[in-house]
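As structure tokens, the structure follows; a few thoughts come after it.
Every number in this text was worked out from the coordinates using simple rules, so none of it is lab data. Keep in mind it's a predicted model, so treat the numbers as computed, not measured. Here the Cβ positions follow ideal geometry from the backbone for every residue, glycine too, while neighbour counts run over all protein chains shown.
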Amino acid sequence: KTRVFSGIQPSGGLTLGNYLGALKRFAVAQDNGIETIYCIVDLHAITVWQDPATLRQATRELAAGFIASGVDPARSILFNQSQVSAHAELAWVFNCVARMGWLNRMTQFKDKAGKNRENASVGLFAYPNLMAADILTYHATHVPVGDDQKQHLELARDIAIKFNNDFGVNFFPVVEPVIEGVATRVMSLRDGGKKMSKSDPSDQSRINLTDDADAISQKIRKARTDADALPDTPEGLEGRAEARNLVNIYAALADKTVAEVLAEYGGQGFGAFKPALADLAVAKLTPISSEMTRLLQDVAEIDRILGEGADRAEAIARPILEQTYDIVGMVRSR
Ligand code: ATP
Ligand code: MG
């Protein structure tokens, strides 16, 4: 049976990267009659400092972002992670399964901790174990995420394999990472070597789902590029990270291939391409942001949806956690 799980951190406002790498695919899965579980991973967000009031606000905004992108809380389970304690509990078990050496190789920790690793939180280091728990406490079979999370998915797979081996069981499914589509890694508009992130200090580096038409156009106009015209074929984007990024974004937003986009724009300069990209981005994103604004007028309703989603998530996760405790050898007597 197919069960999709994916999460997004309430660590800031949603970006175009989150939309193309994750959100855009969430509603599609649900339309194929598959069981879909979507989580606002607030426990992950606090691996770096979050102001409490801002975190609460970001959680509700993210819930609105999910719904505005087409996630239907009646057909999908939509909830925030901290309301289902199985995530944190299973993460502890996995802290005792995963090896320091495995986590030492995680590039996201290196990127986020930066030079001052001694001062990073222990939670930031253990982040992938919590992510493995998110996935495995539902026995999820599919995890649609952006390309930046591929290494963490592989770690979740390694944890499942080691747990099964250590205890001589065939309990946790071993999920192969599948990362589909163009623009599953959207890059920063200021630096083609860095991924677009909601937590990037530079607002110019990203397009926020809540940016208005002027802001979107202005950011695309100012996006870093080289001075050459666009090539006629995808091979011509080799070594041109910034140009490739803008073409990838166009292709993903238009549901076209890169080759199709270049068949249309090859030979043209950014003076022509950037306005076309801006128009497309505005057309795709502004309906989502106005729907978010509308939904956020009723915070009580959003909180109700998250609570109800948490009840439904708990009903799946709790029995799997109880079985895990049993396998590990914990006495359960109440
Ligand atoms: P943060 O900077 O706080 O880590 P983020 O923008 O990376 O925020 P996450 O909540 O960590 O967002 O990730 C949510 C989902 O969005 C994941 O599936 C992730 O792979 C995807 N994602 C994040 N950034 C990008 C990107 N630049 N391109 C494609 N997908 C992305
Ligand atoms: Mg991230």
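Summary table below
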read-out: Cα-based helix-to-principal-axis angle, 241-254 vs the chain, degrees rounded to 10; value: 80 degrees
read-out: Rg/Rg_ref, region 88-199, where Rg_ref = 2.2 N^0.38 Å and atoms are Cα; value: 1.13
read-out: Gained length - Asp303 relative to Glu235, 0.36 nm times residue gap less alpha-carbon distance; value: 19.7 nm
read-out: Residue order, fewest to most surrounding Cβ atoms within 10 angstrom, among His142, His44, His87; value: His142, His44, His87
read-out: Neighbour-count order for Tyr127, Tyr325, Tyr38, fewest beta carbons within 10 angstrom listed first; value: Tyr325, Tyr127, Tyr38
read-out: Crossing angle, helix 213-222 versus the chain [Cα axis fit, 0-90 degrees, rounded to tens]; value: 70 degrees
read-out: Bridge type composition, the chain - antiparallel percent by DSSP, nearest 5; value: 15 percent
read-out: Residue order, fewest to most surrounding Cβ atoms within 10 angstrom, among Glu118, Glu238, Glu314, Glu301; value: Glu118, Glu238, Glu301, Glu314
read-out: Segments 57-64, 90-97, 132-139 sorted - mean Cβ within 10 Å per residue, highest first; value: 132-139, 57-64, 90-97
read-out: Region 203-294 - Debye-derived log10 I(q)/I(0), Cα point model, q = 0.14, 0.15, 0.23, 0.24 Å⁻¹; value: -0.49, -0.55, -1.17, -1.24
read-out: Check: the chain dipole with +1 on Lys, Arg Cβ and -1 on Asp, Glu Cβ, in debye; value: 640 debye
read-out: Distance violations [Cα-Cα > 27 Å] among Lys1/Lys112; Lys112/Lys219; Lys150/Lys222; value: Lys1/Lys112; Lys150/Lys222
read-out: Acute angle (nearest 10 degrees) that the helix 52-68 long axis makes with the longest principal axis of the chain, alpha-carbon atoms; value: 70 degrees
read-out: Overall Cα dimensions of region 134-268 - principal axes, largest extent first, Å; value: 60, 33, 23
read-out: Mean projected area (nm²) of the alpha-carbon convex hull when the chain is viewed from all directions; value: 18.1 nm²
read-out: Cα point-scatterer Debye curve for region 190-253, base-10 log of I(q)/I(0) at q = 0.15, 0.22, 0.28 Å⁻¹; value: -0.50, -1.01, -1.39
